[in-house]
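To start, the structure itself, in structure tokens.
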Amino acid sequence: MSHYLMRFSYTPETWARLIQNPEDRRDAARSYIEQVGGKLHGFWYGFGEYDGYVLFEASDNVSMASVILVIAGGGALRSVETSVLMTVEETLEALRRARTVKYRKPGE
């Protein structure tokens, strides 16, 4: 299973609806990811560039992409950005494999 960090910002209309009818959106996020066999690990709101942060786990990028497409297409978000997270072990393996890749600088 891979981990994903989603950063999002609501539209002003979404904030207005949530002010009128406060709702715990963790339940919705959990439902979306569980439909593709994934798991919600955390949901936070913050100040700054993004309104919220969600940590998901899913079996593959296609499953995660399907969830993000549905969320982004729903119209409640002004922006959404998702990063695939790698474990330390995966990064160490990538570093080891990088030694075998032959690189040539542009123009050389």
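Okay, residues lined up against (1) small (Gly, Ala, Ser); (2) farther than 18 Å from Gly74 by Cβ; (3) in contact with a Phe, Trp or Tyr (Cβ under 9 Å, 6 or more places away or on another chain):
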| position | (1), (2), (3) |
| --- | --- |
| His3 | no, yes, yes |
| Pro22 | no, yes, no |
| Phe43 | no, no, yes |
| Gly52 | yes, no, yes |
| Phe56 | no, no, yes |
| Ser59 | yes, yes, no |
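List every residue pair whose Cβ atoms sit under 7 Å apart, with the two residues 6 or more apart in sequence or on different chains, where the first one lies in the range 65-93 and is on the phi > 0 side of the Ramachandran plot and the second, anywhere, is of a type in the set (A, V, I, L, M, F, W, C).
none
So that you can scan it fast, the table gives a plain yes or no per residue for (1) among the small types (Gly, Ala, Ser); (2) farther than 12 Å from Tyr4 by Cβ:
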| position | (1), (2) |
| --- | --- |
| Arg26 | no, yes |
| Glu34 | no, yes |
| Gly37 | yes, yes |
| Leu40 | no, no |
| Gly52 | yes, yes |
| Val84 | no, no |
| Glu90 | no, yes |
| Glu93 | no, yes |
| Arg97 | no, yes |
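Can you pull out the residues in the range 46-65 that are over 10 Å from the mean Cα position of the chain (by Cα) and hydroxyl-bearing (Ser, Thr, Tyr)?
Matches in the range 46-65: Tyr50, Ser59, Ser63.
Checking the condition surrounded by 16 or more Cβ atoms within 10 Å (Cβ to Cβ), part of a strand (DSSP E or B) and free of Cβ contacts under 8 Å to residues at least 24 places away in the same chain, which residue from Phe43, Phe8, Phe56 passes?
From the options Phe43, Phe8, Phe56, the qualifying one is Phe43.
Per-residue answers, yes or no, for (1) more than 21 Å from Met86 (Cα to Cα); (2) of a type outside the set (D, E, K, R):
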residue: Arg7; (1), (2): no, no
residue: Tyr10; (1), (2): yes, yes
residue: Pro22; (1), (2): yes, yes
residue: Val36; (1), (2): no, yes
residue: Ser63; (1), (2): no, yes
residue: Ile68; (1), (2): no, yes
residue: Ile71; (1), (2): yes, yes
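Go through the range 22-36 residue by residue and tally those that are outside any helix (DSSP H, G or I) and either closer than 19 Å to Ser63 by Cα or of a type in the set (Gly, Ala, Ser) (or both).
Selection size over the range 22-36: 2.
Any idea which of Ile71, Ile19 is modelled with pLDDT of 95 or more and in a helix (DSSP H, G or I)?
Matching residue, one of Ile71, Ile19: Ile19.
Is there a residue being farther than 16 Å from Ile68 by Cα, touching a strand residue (DSSP E or B) at 6+ places or on another chain (Cβ under 9 Å) and not acidic (Asp, Glu) anywhere in the range 25-37?
No: the range 25-37 contains no residue that is farther than 16 Å from Ile68 by Cα, touching a strand residue (DSSP E or B) at 6+ places or on another chain (Cβ under 9 Å) and not acidic (Asp, Glu).
Residue by residue through the range 5-20, note down the ones that are in contact with a Phe, Trp or Tyr (Cβ under 9 Å, 6 or more places away or on another chain) and among the small types (Gly, Ala, Ser).
Passing the criteria: only Ser9.
The values are calculated or read from the model by the stated rules, or taken from the named source; none is laboratory data. No experiment lies behind these values; they were computed from the predicted model shown. Cβ sites come from the backbone with ideal geometry, for glycine too, and all protein chains shown count toward neighbours.
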